[in-house]
Amino acid sequence: MKIQLYVLRTVGTRVLGAALILFSILQILDLLEVTTDILDRGLGTAGVLYYAALRSPRLIEQVAPIATLAGGLFAFSQLARESAIIAMRATGISAYRIVGMALPVALLVMAVDFGCAQLIAPRTDPVLADWWQATTPVADRKVPGPRSFRAGDDLVIAGGASADGGVLKAVKVYRRDKVGRLVERIEAPSATYARASGWTLVNPVIVRFNGEQVNVTPAARMGWPSPLHRQDVQALFADSPVPTAATARRALLSGGGDRPSSFYETRLLAAFAGPFASLVMLLLSAPVALANFRSGQGAVLLTAGLAAGLVFLVVNGLLSALGEGGSLSPALAVWGGPTIFAALAIYALVVLEG
């Protein structure tokens, strides 16, 4: 039990230290770009801290895998240099069991990564975007252009949306028959969302096409049965939308979407596969524990582990991009990288153990 706690404490403290250093670097670089703008708006130090707090979940999501790799390399190399690995193996503890002792650290990082990416960041991103837009000088504000997207069987063009996603402006809804011919067009100055009644079009003008006949019918209000959610509207009108598992799933179930289905399928799978990058990073750092630093093998394995981790991030991003574009199966695009690099790390561990 004491050996397990020792390994766990050694790996955990190194991963935490690496995470704090990397997070601080990313936070400083991010603030260097926006601090001048924040101060020019008269928001002061409180504005800088508010911005940093809202940006933190996304930065933690970026840092998690690299911190696990760096912390694992430092921890296992220290255990190897101190001959702690030799002592543990002399008592009958295998290298696989040593890696298993450090596994809770990777699982904790995975949980934090998933929580930040899927639970916290989707709530802080709209708040940050709304705050940033509200504090921007009127002369510098950029009016977002219209967005076109699918909402169930309807094709929709909206000129704008409120910050909470509950109001759409300058709405045009196009409906087609089963063979793709336009049968109805609805134009409304706005559409409002209520949890109980769903979407309501305000002052709509309904234009129905029946062969060569065109019937125009104005109305005061009109219910719009649509699977569109307020969160979908926020994601569609965001400057750089990052679909979560929930929004990607709704898009696939006829919710609001402006990308091909392959994009949302890949994003949905990536939401659950993404945290496994930290586990892969721990496995890539594990072979260093069996290195002989006196013969120079340690430096080679350290370099190889770091290079493998960076290559894994590049390959994983490339495969995900191919999956989002429809050039590769979403399952292969999301799970291919982690599976291949985890297998390579286990193979290296087996060879060194043997």
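Quick one: is residue 219 more than 20 Å from the chain's Cα centre (by Cα) and in the same structural domain as residue 118 (by TED's automatic domain parsing)? Considered against the rule, which asks whether it is more than 20 Å from the chain's Cα centre (by Cα) and in the same structural domain as residue 118 (by TED's automatic domain parsing), residue 219 comes out as no. Taking the stated definitions as given, is residue 310 more than 25 Å from residue 111 (Cα to Cα) and of a type in the set (A, V, I, L, M)? For residue 310, the condition - more than 25 Å from residue 111 (Cα to Cα) and of a type in the set (A, V, I, L, M) - is not met. Among the residues making up region 215-226, those that are within 22 Å of residue 168 (Cβ to Cβ) and assigned to a strand (DSSP E or B) are 216, 217, 218, 221, 222, 223, 224.
Would region 32-47 turn up any residue that is surrounded by 20 or more Cβ atoms within 10 Å (Cβ to Cβ) and assigned by TED's automatic domain parsing to the domain that holds residue 279? Yes, that holds for at least one residue.
Checked against the criteria, residue 341 counts as at pLDDT 95 or above, out of contact with any strand residue (DSSP E or B) (no Cβ under 6 Å at 6 or more places or on another chain) and among the aromatic types (Phe, Trp, Tyr).
In this structure, is residue 117 assigned to a helix (DSSP H, G or I), within 15 Å of residue 64 (Cα to Cα) and touching a residue at least 24 places away in the same chain (Cβ under 8 Å)? It is true that residue 117 is assigned to a helix (DSSP H, G or I), within 15 Å of residue 64 (Cα to Cα) and touching a residue at least 24 places away in the same chain (Cβ under 8 Å). The condition of being more than 22 Å from the chain's Cα centre (by Cα), in the same structural domain as residue 282 (by TED's automatic domain parsing) and over 26 Å from residue 119 (Cα atoms) does not hold for residue 17. Taking the listed residues 267, 221, 250, the one that is charged (D, E, K, R), crowded, with 17+ Cβ neighbours inside 10 Å, at pLDDT 80 or above and on the phi < 0 side of the Ramachandran plot is 267, with no other qualifying. The number of residues in region 85-102 that are in contact (Cβ under 8 Å) with a residue 24 or more places away in the chain and surrounded by 15 or more Cβ atoms within 10 Å (Cβ to Cβ) comes to 8. When region 16-74 is filtered for residues that are small (Gly, Ala, Ser) and under 30 Å from residue 299 (Cα atoms), the ones remaining, listed by number, are 17, 18, 19, 24, 64, 67, 70, 71, 72. Counting only strands (runs of 3 or more DSSP E) that sit wholly inside region 159-214, those with at least 2 residues that are in contact with a Gly (Cβ under 6 Å, 6 or more places away or on another chain) and within 24 Å of residue 126 (Cα to Cα) are 167-176. Restricting attention to region 296-352, report how many residues are over 18 Å from residue 264 (Cβ atoms) and polar (S, T, N, Q). Adding up the residues that qualify gives 4. The numbered conditions (1) in contact (Cβ under 8 Å) with a residue 60 or more places away in the chain; (2) loosely packed, with under 15 Cβ neighbours inside 10 Å are all true for residue 28 except (1).
I'd like to know if region 122-136 contains one or more residues that are outside any helix (DSSP H, G or I) and either touching a Leu at 6+ places or on another chain (Cβ under 8 Å) or modelled with pLDDT under 90 (or both). Walk me through how you get there before you give the answer.
Filtering region 122-136 down to residues outside any helix (DSSP H, G or I) leaves 136.
Right, trim to either touching a Leu at 6+ places or on another chain (Cβ under 8 Å) or modelled with pLDDT under 90 (or both) and you get 136.
Yes - at least one qualifying residue is present in region 122-136.
Among the residues of region 76-83, are any within 19 Å of residue 276 (Cα to Cα), in the same structural domain as residue 121 (by TED's automatic domain parsing) and part of a helix (DSSP H, G or I)?
Checking region 76-83: not a single residue is within 19 Å of residue 276 (Cα to Cα), in the same structural domain as residue 121 (by TED's automatic domain parsing) and part of a helix (DSSP H, G or I).
Could you tell me whether residue 58 is closer than 29 Å to residue 275 by Cα, over 20 Å from the mean Cα position of the chain (by Cα) and basic (Lys, Arg)? It is false that residue 58 is closer than 29 Å to residue 275 by Cα, over 20 Å from the mean Cα position of the chain (by Cα) and basic (Lys, Arg).
Has region 298-307 got any residue that is touching a helix residue (DSSP H, G or I) at 6+ places or on another chain (Cβ under 6 Å) and of a type in the set (S, T, N, Q)? No, the conditions are met nowhere in region 298-307.
The values are calculated or read from the model by the stated rules, or taken from the named source; none is laboratory data. Bear in mind that the values here come from a model prediction, so they are computed numbers and not experimental data. With ideal geometry, Cβ positions are generated from the backbone for all residues, glycine too; neighbour counts draw on all protein chains shown.
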